[in-house]
1. So, for region 11-127, what is the accessible surface per residue at a probe of 1.4 Å, expressed in square angstrom?
2. Just how far, in whole angstrom, is region 32-92 from region 93-140 if you go by their alpha carbon centroids?
3. Would you work out what percent of the accessible area of the chain, with all protein chains in place, is carbon or sulfur (probe 1.4 Å)?
4. Between the helical axis of 150-164 and the dominant principal axis of the chain, each derived from Cα atoms, what acute angle in degrees is found, rounded to the nearest 10?
5. For ARG153, what accessible area in Å² do you get when you roll a 1.4 Å probe over the heavy atoms of the protein chains, rounding to the nearest 10?
6. Counting only pairs 8 or more places apart or on different chains, how many lysine pairs in region 39-174 have C-alpha atoms closer than 21 Å?
7. Which order do peptides 63-71, 140-148, 91-99 fall in by mean Cβ count within 10 Å, highest first?
8. Rounded to the nearest 500, what is the 222 nm mean residue ellipticity of the chain from helices alone, with -39500 (n - 2.57) per DSSP H run of 4+ residues and division by all residues?
Amino acid sequence: MNEMAKLAGFEHVQHLSIPLPGEASQEIFHECDDEDERVWMPLADNVWIRPLLFNVVQGAWCNVVKAEGEGVVGRHRHPAPVLGYTLKGAWGYLEGDWIARPGDFIYEPAGETHTLVVHPEAGHMKTLFHNMGPILYVDENGGQIGYEDVFTRIAAYKKHYAGNGLGADYVDRLCR
Ligand code: FE
């Protein structure tokens, strides 16, 4: 245990294999950037996603969603919270009454169901999302018609990157 952890009074948790204050490693991921078209995997018509981090311990992931024109992410339910930060453009949910613009931060509590749409006024969007759990695709009555979790996303990215030359191991380097 390091001195900072002792000073903070964390001696009682030293049997846990979690990083204590001052022990967690910091990392920067910069092998590819937004300009490298290979990192963008199609999610739907006019919608692409770029992975930033896969948390396979907690079933969570961070990604950037990019959409243009009539981009729509079909109606889905989040059993766990989602955080979002709008980088470019404008977007919202068919079920919502707000429009997110650059700099807007969105907190979605567990249990939200919505359909993501690009706001036609801007015609494009780019947003950072932190999904804390799976995505359950549902029909208009709320019946489940599909799902994605951190593992199905990893598998889909690996297949995509193996095919476009970036290489499946790009995904492994983002897993924690
Ligand atoms: Fe969502």
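The values are calculated or read from the model by the stated rules, or taken from the named source; none is laboratory data. Since the model is a prediction, treat every value here as computed from it, not as a measurement. Every residue, glycine among them, receives a Cβ derived from its backbone with ideal geometry; neighbour counts consider all protein chains shown. Just the protein is used for accessible areas: all its heavy atoms, side chains included, with ligands, DNA and RNA removed. Shrake-Rupley method; radii C 1.70, N 1.55, O 1.52, S 1.80 Å.
1. On a per-residue basis, 56 Å².
2. Centre-to-centre (Cα) distance: 10 Å.
3. 55 percent
4. That works out to roughly 70 degrees.
5. 10 Å²
6. Step by step, the pairs that qualify in region 39-174 add up to 5.
7. Descending mean neighbour count gives 63-71, 91-99, 140-148.
8. Mean residue ellipticity at 222 nm (helix-derived): -3500 deg cm²/dmol.
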